[in-house]
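Here's the structure, in structure tokens; my notes come after.
The values are calculated or read from the model by the stated rules, or taken from the named source; none is laboratory data. All values derive from a computational prediction rather than experimental measurement. Note that we place each Cβ from the backbone using ideal geometry, even for glycine, and neighbour counts take in every protein chain shown. Side chains are part of the model used for accessible areas, which takes the heavy atoms of the whole protein and leaves out ligands, DNA and RNA. Shrake-Rupley method; radii C 1.70, N 1.55, O 1.52, S 1.80 Å.
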Amino acid sequence: MADVTDVARYILDRLGPMSAMKLQKLCYYSYGYHLAWEERPLFPERFEAWANGPVAPDLYTRHRGLFSVEPEDIGGDPEALDPGERESVDLVLGSLRDFSAHHLSAMTHREAPWLRARERAGAEGLERSNEPLTEADIHEYFTTLTAADSAQG
């Protein structure tokens, strides 16, 4: 199984440098959709309900203090992703690559996994929180999304 830095490096290798916030959100959406499609986590690290949306603290430690993140800033091994993991990430990048970091963050603020974690923490507005998003909430939310997409398609 890949780790979050492997996935982040894969994304950066595919799309090039980007803001730290956008990288975090693309990792989150890749994780969520992969969990729904493959019924297994994309990586073992978890996300927390920070003020600007879900953040993987393990990835944050790699880009802390950087606005724009380059592949070499992250480390990681993009070859660690198996074919199913690469396919999930590629599908997410295909649909979300053109969204800004702020748009992706705003999307997460309307979604159950982040909202439920913020509620559990009692965090409002821009208050700090390190409450974890649960795998069950992420799985339920993204499974619902993929089922709705299948019904429409």
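Observations, loosely collected:
- Exclusive hit being farther than 18 Å from Glu135 by Cα and at pLDDT 95 or above, set Ser88, Ser95: Ser95
- The sole residue among Glu72, Glu85, Glu79 that is over 15 Å from the mean Cα position of the chain (by Cα) and closer than 11 Å to Asp6 by Cβ is Glu79.
- The range 88-113: number of residues that are over 21 Å from Ala2 (Cα atoms), assigned to a helix (DSSP H, G or I) and among the small types (Gly, Ala, Ser): 5
- Taken over the range 1-31, residues that are at pLDDT below 95 and of a type outside the set (A, V, I, L, M, F, W, C) amount to 0.
- Every listed requirement among (1) open to solvent by 20 Å² or more (accessible area, probe 1.4 Å); (2) in contact (Cβ under 8 Å) with a residue 40 or more places away in the chain is met by Leu93 save one, (1).
- Residue within the range 3-12 that is under 30 Å from Gly125 (Cβ atoms) and open to solvent by 10 Å² or more (accessible area, probe 1.4 Å) present: no
- The residue of the range 114-152 that is most open to solvent (accessible area, probe 1.4 Å), among those that are assigned to a helix (DSSP H, G or I) and of a type in the set (Val, Ile, Thr), is Thr144.
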